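The values are calculated or read from the model by the stated rules, or taken from the named source; none is laboratory data. It should be emphasised that the depicted structure is a prediction, and the values quoted were computed from it without experimental measurement. Cβ placement follows ideal geometry from the backbone for every residue including glycine, while neighbour counts extend to all protein chains displayed. Just so you know, the surface numbers come from the protein's heavy atoms only, side chains and all, with ligands and any DNA or RNA stripped out. Shrake-Rupley method; radii C 1.70, N 1.55, O 1.52, S 1.80 Å.
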Amino acid sequence: MKTFDIPIFYRSPVISKIKNSRKLNDPRKKDYSPTELDFGPVVFYIARHFGFCYGVENAIEISYKAIEENPGKRIFLLSEMIHNSDVNSDLIERGVKFIMDTSGMQLIDWNELHSEDIVIIPAFGTTLEIERKLNELNIDPLKYNTTCPFVEKVWNRADSLGKTGFTIIVHGKYKHEETRATFSHSKESAPTLIIRDITEAEILSEFITGKRDIKEFYEIFANRYSEGFDPVKDLNSIGVVNQTTMLATETQAIADYLNKIMSEKFGTEKFSEHFSDTRDTLCYATHDNQKATYGLLEKNADIAIVVGGYNSSNTSHIYELCEEKLPTYFISSADKILSKELISHFDFQNQKEIFTDNFLPVKDKVKIILTSGASCPDSIVDEVLQKLLSYFNSTKKIDLVLEEFSMNKN
């Protein structure tokens, strides 16, 4: 796989070394068990896969290239390049300005832009409507386009399905930048509907089977269907694609469920005309990170620390998986660990930061799961590990533990 030129300060002396070693020893990604670093009084279980994915590294490389190649020019990002505050803050410090926030609210009016300006499309992609707006301003929207190739793969799959008569069901959060972009591209060639989860898939099935009044459809799915969507005819042939950062297992469960509903309604004869298998749109990085999380959860740990942006969809799903099994703390950086006794972390359920006392167990050997989302730099995870390590006495030196790890892997 291609390697990217990203700033060295996003790498780390510990985490990056572990990742490189795991890649060399397991190039085909058959082993999803975590890395175990035993420092004596504390053990860290570090996920096999986490942190910057292909799409994120691609976006970072292009963004910094845009800055380097255009000294003196005004440089804009349509919105957050990725969902990580440290990365976005660094770009802002280098003079990059944001045109919109993550919900699509305008921060800089289009009329303030002119043709000499540079506009970077974020990793989530953008809508066709915004691409047209940039073209009207004589700004090339594709010159610094950091759209993740796996997001584009979803768009291409939706386009091909639409051209063969299928309606597109998008599994995603309808306010998320990526889902807005996918919806915009998909509706060009197919009737398109966004659903959030398996519950909404079950509601949708009642319209497919005629158990619900069609009039309810437009109220329940308001603002999430394409113009002219007709449930009576448009739900006779469907395919499911996803926001790539959603839980892969959830997308597959939705697809399997709707497959079953369509089979019951139309039978097996010519079934391929009514339902299309689209599991090939699942993002490999999201899939790997989630499988690695399941591997982590096989360990008998005391707590889990999940690092990443609070508005990061893929990070929130990793948090949810861990939180089901053990006390889990969702933090954006090492600064959130205020002391050995106190941590400030994100309450995902209530969408706010809270404080927890005595988060580190008092015992002879504390076992900590450590992982992050796909938009979190290794350097931040490294800082979290080292800060936690500083609260324990008589720990082994990091170099010695890394040497032991390396010997065990070879």
Quiz prompt | Residues whose placed amide H lies under 5 Å from that of residue 80, excluding near-sequence neighbours | solution = 102
Quiz item: How much of the accessible area of the chain, in percent, comes from carbon and sulfur atoms when a 1.4 Å probe is used?
Solution: 48
Quiz item: For residue 354 and residue 270 in one chain, what is 0.36 nm times their gap in residues minus the Cα-Cα distance, to one decimal in nm?
Solution: 24.8 nm
Practice problem: Set the Förster radius R0 to 25 Å, insert the Cβ-Cβ distance between residue 209 and residue 160 as r into 1/(1 + (r/R0)^6), and round the FRET efficiency to 0.05. | Solution: 0.40
Self-check item: Highest-first arrangement of 64-73, 46-55, 230-239, where packing means the average Cβ count within 10 Å
Solution: 46-55, 230-239, 64-73
Quiz item: Quick one: if you take sqrt(5λ) for each eigenvalue of the C-alpha gyration tensor of segment 44-185, what semi-axes come out, biggest first, whole angstrom?
Solution: 25, 22, 13
Quiz prompt | Heavy atoms of residue 117: accessible area, 1.4 Å probe, square angstrom to 10 | solution = 10
Quiz item: Using the Kirkwood radius built from alpha carbon pairs, what does the Stokes-Einstein equation give as D for segment 180-290 at 37 °C and 0.692 mPa s, in µm² per second?
Solution: 224
Practice problem: Could you tell me, in Å, what Rg and Dmax come out for the Cα atoms of segment 26-107? | Solution: 18.1, 53
Quiz item: Looking at segment 352-410, how many pairs of lysines come closer than 26 Å at the Cα, when each pair is eight or more places apart or spans two chains?
Solution: 17
Quiz prompt | Computed over the chain, Cα set: Rg, Dmax in Å | solution = 22.9, 69
Quiz prompt | Debye, to nearest 20: dipole size of the chain, +1 on Lys, Arg Cβ, -1 on Asp, Glu Cβ | solution = 920
Quiz prompt | Furthest towards positive pole of dipole, 34, 276, 369, structure part the chain, Cβ charges | solution = 34
Quiz item: Could you name the aspartates and glutamates in cross-link range of residue 175, using Cα to Cα under 13 Å and dropping any fewer than eight places away on the same chain?
Solution: 101
Practice problem: With θ set to phi - 60°, apply the Karplus curve 6.51 cos²θ - 1.76 cosθ + 1.60 along segment 324-339 and write out the HN-Hα couplings as whole Hz, x wherever there is a Gly or Pro. | Solution: 5, 10, 8, x, 10, 10, 9, 10, 8, 6, 5, 4, 6, 8, 7, 6
Exercise. Treating the angle as unsigned and between 0 and 90°, give the value, to the nearest 10°, between the Cα long axis of helix 177-186 and the longest Cα principal axis of the chain.
Key: 30
Quiz item: Extension gain residue 320-residue 338, at 0.36 nm per residue separation less the Cα-Cα distance, in nm?
Solution: 4.2 nm
Quiz item: So how tilted is helix 398-409 from the main axis of the chain? Cα-based, degrees 0 to 90, rounded to 10.
Solution: 60
Self-check item: Ellipticity estimate at 222 nm from DSSP helix runs (n ≥ 4, -39,500 (n - 2.57)) divided over the chain, nearest 500
Solution: -12000 deg cm²/dmol
Quiz item: Among bridges DSSP assigns within the chain, what percent are antiparallel (round to 5)?
Solution: 30
Practice problem: State the extension gain, in nm to one decimal, for the chain segment bounded by residue 362 and residue 300, taking 0.36 nm per residue of separation less the distance between their alpha-carbons. | Solution: 20.7 nm
Quiz prompt | Helix 198-208 vs. the chain, principal-axis angle (Cα, 0 to 90°, nearest 10) | solution = 10
Quiz prompt | Descending Cα extents along the principal axes, segment 332-410, whole Å | solution = 45, 31, 18
Quiz item: Based on the Cβ-Cβ distance from residue 386 to residue 109, what FRET efficiency comes out when R0 is 35 Å, to the nearest 0.05?
Solution: 0.20
Self-check item: Kirkwood-Stokes translational diffusion coefficient of segment 122-201, alpha-carbon pairs, 4 °C, 1.567 mPa s, µm²/s
Solution: 98
Self-check item: Reach of residue 153 by Cα under 17 Å, taken over lysines that are not fewer than 8 positions away in the same chain
Solution: 163, 187
